[in-house]
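Worksheet: the structure to be examined is printed underneath.
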């Protein structure tokens with residue numbers, strides 16, 4: 001049922017945008033942005049179930065909580081970057097959109113730095129002192 | 001052994017499941033490559049965990065520390081504005097410094113005014129005036145009061161005829177006695193065991209050397225103290241009038 005609501009909202013917004021775009025391209029963009037924002041926030045509420053399931057899985061299997069935290073941060077960064085980039089792309093600013101995506105990629109890579117440092121330390125500790 | 005193995009396998013399976021769900025959740029292909037790297041590192045850590053435990057036991061806490069440090073550095077980089085607490089602390093420190101400066105200035109001007117007043121009124125040969133201010137809380141505010149005034153007169157060398165030599169030597173001010181005790185501890189520690197016969201002689205010499213300050217002539221001292229008491233309201237017990245020992249006398 002919710003899916004139908006969302007698709008209906010999207011179709012309505014699309015028709016309205018097509019109508020308005022001829023007269024006021026600015027309002028068409030605003031309408032598109034707000035529709036996207038609305039659907040995004042609506043679905044973000046639903047994703048909570050998935051995240052709680054993941055937490056349950058992690059706690060039951062004994063994975064360190066830091067793994068799950070990092071993974072969730074990565075997903076969040078990816079979604080926010082993607083969403084912002086698409087809105088900007090709708091407005092026709094392809095270059096700025098790609099910069100936003102680039103920033104998202106950089107932040108995800110920065111997440112990996114502590115893990116990589118731990119692995120490198122371990123490998124160095126593994127090697128004998130003389131060699 | 002079997003329990004340990006099953007634990008390890010369960011960990012690996014859980015992490016791989018997590019990785020699959022993450023892949024599903026990610027919005028587009030471009031992000032997937034980067035997220036896959038991080039998740040792959042996690043899987044690597046999990047598979048290596050028996051070896052890691054063998055080498056160093058606290059791999060989880062180390063990872064925690066690394067993450068905490070990273071997130072803390074990220075947040076502190078963003079917030080460069082000092083907080084309200086910081087500003088308040090700065091203000092307190094600055095005002096303390098300012099009050100200290102003000103107290104110093106007050107002391108200096110006070111000393112100057114006492115000195116000029118004394119030289120003008122009593123015609124005494126005043127060399128320097130040392131006033132010590134102390135702070136007392138009066139109705140919630142710190143207010144200074146004069147706790148001690150030390151007036152130093154010029155030595156008898158410089159002022160011919162004003163000081164009689166006979167009375168000088170007996171009047172030893174308490175300040176000089178304090179200094180003398182310290183000096184004996186430091187200077188005579190090595191000399192006493194070497195030749196004990198000249199012990200008393202040494203002490204006498206020491207006494208004469210250290211008597212740098214003596215009480216001033218009673219008449220002058222009284223005049224100066226009454227002037228200070230009248231002018232600045234200092235307690236008579238806290239006024240010290242002294243002068244240096246005449247150099248030719250002590251040799």
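The values are calculated or read from the model by the stated rules, or taken from the named source; none is laboratory data. Every value quoted in this text rests on a predicted model; they were computed, and no experiment measured them. Note: ideal-geometry Cβ built from the backbone for every residue, glycine included; neighbour counts use all protein chains shown.
Answer yes if at least one residue in the range A:92-102 is at the interface with chain B (Cβ under 7 Å from one of its Cβ atoms), farther than 19 Å from residue A:33 by Cβ and without any contact (Cβ under 8 Å) to a residue 12 or more places away in the chain, and no otherwise. Checked the range A:92-102: no residue is at the interface with chain B (Cβ under 7 Å from one of its Cβ atoms), farther than 19 Å from residue A:33 by Cβ and without any contact (Cβ under 8 Å) to a residue 12 or more places away in the chain. The residues of the range B:30-46 that are more than 7 Å from chain A (Cβ to nearest Cβ) and either in contact (Cβ under 8 Å) with a residue 60 or more places away in the chain or surrounded by 19 or more Cβ atoms within 10 Å (Cβ to Cβ) (or both) amount to a single one, B:46. If the condition is being in contact (Cβ under 8 Å) with a residue 24 or more places away in the chain and farther than 18 Å from residue A:9 by Cβ, then the range A:20-34 contributes no residue at all.
Residue by residue, here is whether (1) over 15 Å from residue B:34 (Cα atoms); (2) at pLDDT below 90; (3) part of a helix (DSSP H, G or I); (4) touching a strand residue (DSSP E or B) at 6+ places or on another chain (Cβ under 8 Å) holds:
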| residue | (1), (2), (3), (4) |
| --- | --- |
| A:92 | yes, yes, no, no |
| A:95 | yes, no, yes, no |
| A:99 | yes, no, yes, no |
| A:103 | no, no, yes, no |
| A:111 | no, yes, yes, no |
| A:121 | yes, yes, yes, no |
| A:130 | yes, yes, no, no |
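Of all the listed residues (B:20, B:38), the sole one being modelled with pLDDT of 80 or more and within 21 Å of residue A:80 (Cβ to Cβ) is B:38.
Only one of these is surrounded by 14 or more Cβ atoms within 10 Å (Cβ to Cβ) and at negative phi: A:90, A:56. Name it. So that I can check it myself, show each step before the final result.
Working: A:56 fails: surrounded by 14 or more Cβ atoms within 10 Å (Cβ to Cβ).
After ruling out the rest, the residue left standing is A:90.
Please verify whether the range A:19-35 includes one or more residues that are in a helix (DSSP H, G or I), out of contact with any helix residue (DSSP H, G or I) (no Cβ under 7 Å at 6 or more places or on another chain) and loosely packed, with under 10 Cβ neighbours inside 10 Å.
Yes; the residues of the range A:19-35 include at least one that is in a helix (DSSP H, G or I), out of contact with any helix residue (DSSP H, G or I) (no Cβ under 7 Å at 6 or more places or on another chain) and loosely packed, with under 10 Cβ neighbours inside 10 Å.
Only one of A:57, A:16 is assigned to a helix (DSSP H, G or I) and touching a residue at least 12 places away in the same chain (Cβ under 8 Å). Can you tell me which?
The conditions single out A:16.
In the condition set (1) more than 58 Å from the chain's Cα centre (by Cα); (2) closer than 22 Å to residue A:84 by Cβ; (3) touching a residue at least 12 places away in the same chain (Cβ under 8 Å), residue B:27 is compliant with all but (3). Residue-level analysis places residue B:150 among those that are assigned by TED's automatic domain parsing to the domain that holds residue B:244 and modelled with pLDDT of 80 or more.
Looking across the range A:52-76, the residues that are under 14 Å from the mean Cα position of the chain (by Cα) and more than 8 Å from chain B (Cβ to nearest Cβ) come down to A:72, A:73, A:76. Please find, among B:77, B:104, the residue that is farther than 18 Å from residue A:64 by Cα, loosely packed, with under 13 Cβ neighbours inside 10 Å and at pLDDT 75 or above. Answer to the selection: B:104. Restricting A:51, A:74, A:63 to residues that are touching a helix residue (DSSP H, G or I) at 6+ places or on another chain (Cβ under 7 Å) and in contact (Cβ under 8 Å) with a residue 24 or more places away in the chain narrows the list to A:74.
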